[in-house]
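Engineer: The structure is given below, and queries will be raised subsequently.
The values are calculated or read from the model by the stated rules, or taken from the named source; none is laboratory data. None of these values were measured; they are calculated from a predicted model. Backbone-built Cβ (ideal geometry, glycine too); neighbour counts: all protein chains shown. The area values use the complete protein model at the heavy-atom level, side chains included, leaving out ligands, DNA and RNA. Shrake-Rupley method; radii C 1.70, N 1.55, O 1.52, S 1.80 Å.
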Amino acid sequence: MSLDFYWYPKCGTCRKAKKWLEEHNVDFNEIHIVENPPSKEELSSFYKKSGLELKKFFNTSGQKYRELGLKDKLATMSEEEMIELLSSDGMLIKRPIAVGEKGVTVGFKEEQYAENWKN
């Protein structure tokens, strides 16, 4: 099983997730989320595959999120507008995102990784 792992190297949570994947010998394709953010099509696919609400894909603790005042704006935005916004800036996306045959995980919770990505 190969996994696409979208991460930001300066993010502590991303580093923990990467370490977990390496320790459990999971093959993964490392993708820098800021240099190569997922496209609108990819994000739309991740969202549908994840079963999560689209708001969960936003990095709510990020500086960019606060600067843009998204806390108040998301409630009135359409799905399409949210996906457009997410694809415009990798710093707006909650990370890491792991995408594989078994689904999509957003953020890092060890038990979730064990359930989805352990070989």
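Engineer: Please count how many residues of region 1-34 are of a type in the set (Asp, Glu) and under 14 Å from the mean Cα position of the chain (by Cα).
Structural biologist: Of the residues in that region, 2 qualify.
Engineer: Tell me yes or no: at least one residue of region 39-48 is surrounded by 15 or more Cβ atoms within 10 Å (Cβ to Cβ) and under 19 Å from Ser2 (Cβ atoms).
Structural biologist: Yes, some residue in region 39-48 is surrounded by 15 or more Cβ atoms within 10 Å (Cβ to Cβ) and under 19 Å from Ser2 (Cβ atoms).
Engineer: Mind telling me which of the residues Asn119, Asn25 ends up being at positive phi and open to solvent by 40 Å² or more (accessible area, probe 1.4 Å)?
Structural biologist: Result: Asn25 is the single residue among Asn119, Asn25 that is at positive phi and open to solvent by 40 Å² or more (accessible area, probe 1.4 Å).
Engineer: Still on this structure, I have one more. Just the residues that are more than 19 Å from Lys10 (Cβ to Cβ) and of a type in the set (D, E, K, R), please, taken from region 28-59.
Structural biologist: Lys40, Glu41, Glu42, Lys48, Lys49, Glu53, Lys55, Lys56
Engineer: Further question on the same structure: Filter region 28-38 down to residues that are over 19 Å from Met77 (Cβ atoms) and surrounded by 16 or more Cβ atoms within 10 Å (Cβ to Cβ), then give me how many there are.
Structural biologist: Summing the residues that are over 19 Å from Met77 (Cβ atoms) and surrounded by 16 or more Cβ atoms within 10 Å (Cβ to Cβ) in region 28-38 gives 4.
Engineer: If you don't mind, another one. Can you tell me which condition Glu84 does not meet? The list is (1) at pLDDT 95 or above; (2) at positive phi, and all the others hold.
Structural biologist: (2)
Engineer: Sticking with this structure for a sec: Among the residues of region 1-22, count how many are of a type outside the set (A, V, I, L, M, F, W, C), touching a strand residue (DSSP E or B) at 6+ places or on another chain (Cβ under 8 Å) and open to solvent by less than 70 Å² (accessible area, probe 1.4 Å).
Structural biologist: Number satisfying all stated conditions: 5.
Engineer: Being at pLDDT 95 or above and out of contact with any Gly (no Cβ under 8 Å at 6 or more places or on another chain): is that true of Lys64 here?
Structural biologist: No: the conditions fail for Lys64.
Engineer: Can you report the number of residues in region 64-104 which are without any contact (Cβ under 8 Å) to a residue 40 or more places away in the chain, under 25 Å from Lys19 (Cβ atoms) and open to solvent by 20 Å² or more (accessible area, probe 1.4 Å)?
Structural biologist: Of the residues in that region, 1 qualify.
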